[in-house]
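What follows is one structure encoded as structure tokens, with my remarks underneath.
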Amino acid sequence: MTAPSSPISPPYFEGLNAQQLEAVEAMDGPVLVLAGAGTGKTRVLTTRLAHLIHTGRAWPSQILAVTFTNKAALEMKERVSRLLEGQPVEGWALGTFHALAARMLRRHAELVGLTSGFTILDPDDTLRLIKQIIEARNIDPKKNPPKLVQAMIDRWKDRALSPQDINPREAGEVANGQMQAIYADYQSRLKSFNACDFGDLLLHMITILRNPANAQILSDYHRKFKYILVDEYQDTNVAQYMWLRLLTAEHNNLCCVGDDDQSIYGWRGAEVGNILKFEKDFPNARIIRLEQNYRSTGHILGAAGGVIAHNQGRLGKTLWSEGEHGEKVRVHGLWDGEAEARFITEDIESLQHKKTSLQQMAILVRAGFQMREFEDKFMKVGIPYRVFGGPRFYERAEIRDALAYLRVVAQPADDLAFERIVNVPKRSIGDTSVKSIHTEARRIGKPMTDAAQNMVDAGVIKAKTGASLAKLLSDFARWSSLLSTVKHTDLAAQILDESGYLAMWQADKSPEAQGRVENLKELISAMEEFESLPAFLEHVALVMETQGAGASGNEYVSLMTLHGAKGLEFDCVYLPGWEEGLFPSQKTMDENGLKGLEEERRLAYVGLTRARKLATITFTANRRMYGNWTNALPSRFIDELPEGHVESISESGLYQKGRSQHWDSSGFSPQPVLSSAQSSYIKHSIQGFQMGDKVRHATFGEGRVVHVAGAKLDIRFADGSMKRLMESFVEKCE
């Protein structure tokens with residue numbers, strides 16, 4: 001229902017429904033806009049921003065607007081400008097958490113031991129630094145993978161925990177119980193480089209704003225930002241939450257827009273509790289629910305709503321649409337992954353013959369390995385497709401190398417960048433020489449470029465190695481001196497040319513060499529829109545937009561993970577692999593219990609609500625996972641689909657609505673009711689045990705049989721553990 005128009009209403013109110021209008025006009029105090037999938041949250045956000053400016057409640061410079069991607073920030077800015085009919089909206093603080101925190105930190109860097117020109121290191125560089133620290137402490141990297149150490153530090157920073165905040169119990173036995181010390185070493189080394197990682201941008205600002213000695217700084221921000229708006233609030237982590245609470249502590253003019261039912265990034269630190277406890281954090285908060293959906297048909301919304309209603313941790317809302325009910329959600333059981341790929345491929349071809357564009361079709365998988373069979377099938381029949389979520393442009397080796405050159409020019413203290421390219425292309429500067437430079441740098445407490453220059457001047461590094469290093473250092477000094485006089489794009493081209501890096505790839509005869517050369521040229525082109533080299537490097541560090549890999553042209557089927565599909569929409573969506581253990585993911589449930597299961601269910605909700613007109617769910621009786629065949633049971637999410645919104649199109653009888661399995665609170669199912677087609681591939685044990693039987697073990701307790709191999713039973717126990725036992729060691733529970 002559209003809100004009634006008023007003669008004095010601004011034109012940008014036109015077409016808003018009553019709830020959207022309420023969200024736009026709720027200006028003062030804390031507001032949480034619970035925006036269901038496809039309910040027009042972006043329009044609410046942009047209209048609210050325009051209304052703040054149009055009514056004179058705030059200048060653009062008095063608004064802090066936080067998004068999760070640079071693309072969303074740019075789109076928001078353009079839409080607000082259009083709503084205000086070209087009125088300038090420059091000067092406001094609009095961007096991602098990291099970008100805004102970086103902007104603040106450059107003003108106050110000295111308060112945490114940095115200078116304003118600090119470098120922001122990407123995960124590849126921080127991983128190399130962590131490897132160095134582990135080696136220095138004589139810790140076996142095979143038993144204690146640097147990536148695990150990196151992940152632990154990242155999660156601590158997501159929770160705004162500094163090294164001194166970590167207790168030994170939380171650090172555990174990783175890295176021989178030295179995690180807290182490694183974290184402290186890591187932070188110290190970053191400061192010695194005048195650098196920080198992504199997590200530091202918020203962590204350092206929280207440290208500054210919480211320090212009573214900096215009360216005036218916090219007060220200044222309170223006066224500066226009269227209104228704060230946050231998009232995708234359900235995806236915030238603890239550090240982001242704390243940063244927002246500090247900035248809103250005085251006026252509480254905070255508007256958060258999000259959907260607790262679409263919080264699917266817990267694995268990377270997102271805390272759904274932030275949105276669930278909004279009313280507790282802000283006792284006078286207004287909760288406004290956007291429930292009218294403008295995207296999907298009634299049956300799709302009904303199916304999605306039926307599944308998500310099984311979650312306990314949610315604020316609750318019911319999506320509805322004034323549009324048609326459309327086709328019911330189709331559920332199809334198939335024999336194996338090959339049959340599943342064949343069915344979906346044939347269905348796509350059928351829709352194509354009916355003039356449905358491939359651009360409006362997507363296959364959304366839970367795990368990356370599911371993609372292979374679809375790719376094989378598409379290549380065989382000639383369906384163009386594109387895989388999203390593959391290697392990103394700025395993650396390519398040649399781009400990382402080029403950026404390392406540029407970083408050393410812009411910030412000579414960046415040791416990690418220097419180490420990366422000191423011998424690329426080959427300059428006879430081997431690992432031994434690099435290690436000696438590194439040691440000297442640590443001894444004198446200066447960057448490796450300074451240490452290397454001292455060693456060259458003293459004649460410590462001799463012969464060809466010394467001459468090569470001296471030339472490289474001279475080149476870096478010369479390039480740095482040109483920063484203020486030569487256009488940054490021209491300087492970048494000059495660096496890649498004079499360093500010999502571009503020539504190295506031009507001389508390479510491998511098939512991918514030409515593509516690398518073209519990527520380097522594209523890198524320089526990408527710099528055109530930035531005013532300086534430092535500005536471009538900061539952009540690269542903060543923003544890595546996902547690049548696709550696959551088909552050329554505009555007609556292709558999109559193939560991606562469910563996580564990667566959030567925020568997108570298609571006419572026709574295929575959701576393969578709805579099987580226990582795969583979706584919901586057994587690993588997620590084992591590691592996170594009920595919390596993990598509920599996030600998996602939110603992922604199912606996200607997948608269904610990507611579809612505008614047609615949603616198709618498939619599952620198989622047999623699935624090859626990680627090289628092994630497994631007998632599969634339909635996902636519990638299938639049985640949660642409301643019967644009135646679902647149509648079984650299974651010819652084999654593998655799925656009967658309401659007859660797949662029913663799950664108790666522990667996550668286990670009683671013996672499933674099987675169709676004749678299912679029973680044909682279920683093997684019974686010697687004593688009659690079969691998949692789904694509830695059993696008891698004297699030591700391990702109760703569990704469920706998930707696979708039968710003669711007298712051997714694979715059993716999943718109540719604690720989530722999987723064990724293979726002889727059937728004589730367990731008894732069947734009645």
**Study point:** Residues of region 452-482 that turn out to be assigned to a loop (DSSP other than H, G, I, E, B) and open to solvent by less than 70 Å² (accessible area, probe 1.4 Å), as a count
**Key:** 3
Practice item. Please specify each residue of region 580-607 satisfying the condition of being aliphatic (A, V, I, L, M) and in a helix (DSSP H, G or I). Key: M589, L594, L597, L603, A604, V606
Check your understanding: Which of the residues that make up region 209-229 are within 22 Å of L161 (Cβ to Cβ) and not in a helix (DSSP H, G or I)?
Key -> N211
Revision key, fill the gap. Sole miss for R107 among (1) more than 26 Å from D281 (Cβ to Cβ); (2) touching an Asp or Glu at 6+ places or on another chain (Cβ under 9 Å) is condition (2)
Review point. If a residue has to be over 20 Å from G607 (Cα atoms) and either small (G, A, S) or part of a loop (DSSP other than H, G, I, E, B) (or both) to count, how many in region 336-355 make the cut?
Key: 5
Check your understanding: Can you name the residue in region 90-106 that is charged (D, E, K, R) and closer than 15 Å to A535 by Cα and is also nearest to the chain's Cα centre (by Cα) among such residues?
Key -> R103
Check your understanding: Does A65 fit the bill of being part of a loop (DSSP other than H, G, I, E, B), buried (at least 20 other Cβ atoms within 10 Å of the Cβ) and out of contact with any helix residue (DSSP H, G or I) (no Cβ under 6 Å at 6 or more places or on another chain)?
Key -> no
Study note, to complete from the structure: Of the residues in region 559-616, those that are at pLDDT below 95 and polar (S, T, N, Q) come to T561, S585, Q586, T588, N592
Practice item. Determine whether region 18-25 contains at least one residue that is at pLDDT below 90 and under 30 Å from the mean Cα position of the chain (by Cα). Key: no
Check your understanding: If you check S499 against the conditions, is it within 22 Å of A441 (Cβ to Cβ), open to solvent by less than 60 Å² (accessible area, probe 1.4 Å), hydroxyl-bearing (S, T, Y) and modelled with pLDDT of 90 or more?
Key -> yes
Exercise for review: Please verify whether region 32-40 includes one or more residues that are of a type outside the set (S, T, Y) and either farther than 16 Å from N293 by Cα or out of contact with any Leu (no Cβ under 8 Å at 6 or more places or on another chain) (or both).
Suggested key: yes
Point to revise | Leading residue by the ranking (nearest to E110 (Cα to Cα)) among those in region 203-230 that are open to solvent by less than 10 Å² (accessible area, probe 1.4 Å) and touching a Ser or Thr at 6+ places or on another chain (Cβ under 8 Å) | key: L203
Point to revise | Hits in region 423-451 (condition: in a loop (DSSP other than H, G, I, E, B), surrounded by 20 or more Cβ atoms within 10 Å (Cβ to Cβ) and at pLDDT 90 or above) | key: P447
Point to revise | Members of region 483-495 found to be touching a residue at least 12 places away in the same chain (Cβ under 8 Å) and open to solvent by 30 Å² or more (accessible area, probe 1.4 Å), listed by number | key: L483, A493, Q494
Review point. Which of the residues belonging to region 126-169 are polar (S, T, N, Q) and either at pLDDT 95 or above or open to solvent by less than 80 Å² (accessible area, probe 1.4 Å) (or both)?
Key: T126, Q132, N144, Q150, S162, N167
Point to revise | The one condition in (1) part of a helix (DSSP H, G or I); (2) small (G, A, S); (3) open to solvent by 30 Å² or more (accessible area, probe 1.4 Å) that G567 fails to fulfil | key: (1)
Review point. From T115, T55, T47, which residue is hydroxyl-bearing (S, T, Y), buried (at least 16 other Cβ atoms within 10 Å of the Cβ) and on the phi < 0 side of the Ramachandran plot?
Key: T47
Review point. Taking region 424-462, which residues are touching a residue at least 40 places away in the same chain (Cβ under 8 Å) and aliphatic (A, V, I, L, M)?
Key: V424, I429
Point to revise | helices (runs of 4 or more DSSP H) enclosed by region 240-335 - at least 1 residues per element that are of a type in the set (S, T, N, Q) and open to solvent by less than 20 Å² (accessible area, probe 1.4 Å) | key: 273-276
Review point. Can you find even one residue in region 21-36 that is touching a Pro at 6+ places or on another chain (Cβ under 8 Å) and assigned to a helix (DSSP H, G or I)?
Key: no
Revision key, fill the gap. Picking from I264, I275, I308, the residue that is in contact with a strand residue (DSSP E or B) (Cβ under 7 Å, 6 or more places away or on another chain) and of a type in the set (A, V, I, L, M, F, W, C) would be I275
Check your understanding: Checking E522 against (1) without any contact (Cβ under 8 Å) to a residue 40 or more places away in the chain; (2) loosely packed, with under 14 Cβ neighbours inside 10 Å, which test does it fail?
Key -> (1)
Exercise for review: Hey, can you tell me all the residues within region 375-387 that are modelled with pLDDT of 85 or more and either in a strand (DSSP E or B) or surrounded by 14 or more Cβ atoms within 10 Å (Cβ to Cβ) (or both)?
Suggested key: K377, F378, I383, P384, Y385, R386
**Study point:** Residue match in region 95-108 (condition: over 23 Å from N237 (Cα atoms) and aromatic (F, W, Y))
**Key:** no
Check your understanding: Do we find that S510 is at pLDDT below 80, under 27 Å from Y405 (Cβ atoms) and in a loop (DSSP other than H, G, I, E, B) in this structure?
Key -> yes
Exercise for review: For E538, state whether it is touching a strand residue (DSSP E or B) at 6+ places or on another chain (Cβ under 9 Å), of a type outside the set (A, V, I, L, M) and at pLDDT below 95.
Suggested key: yes
Review point. Name the residues in region 353-374 that are surrounded by fewer than 17 Cβ atoms within 10 Å (Cβ to Cβ) and touching a residue at least 24 places away in the same chain (Cβ under 8 Å), would you?
Key: T356, S357, Q359, A367, G368, F369
Check your understanding: What are the pairs, 6+ residues apart or on separate chains, where a residue within region 610-636 that is within 24 Å of A362 (Cα to Cα) has its Cβ under 6 Å from a residue that is basic (K, R) and modelled with pLDDT of 85 or more?
Key -> R612/R295; T616/R330
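The values are calculated or read from the model by the stated rules, or taken from the named source; none is laboratory data. No experiment lies behind these values; they were computed from the predicted model shown. Counting neighbours? That spans all protein chains shown, and the Cβs are built from the backbone with ideal geometry, glycine included. Just the protein is used for accessible areas: all its heavy atoms, side chains included, with ligands, DNA and RNA removed. Shrake-Rupley method; radii C 1.70, N 1.55, O 1.52, S 1.80 Å.
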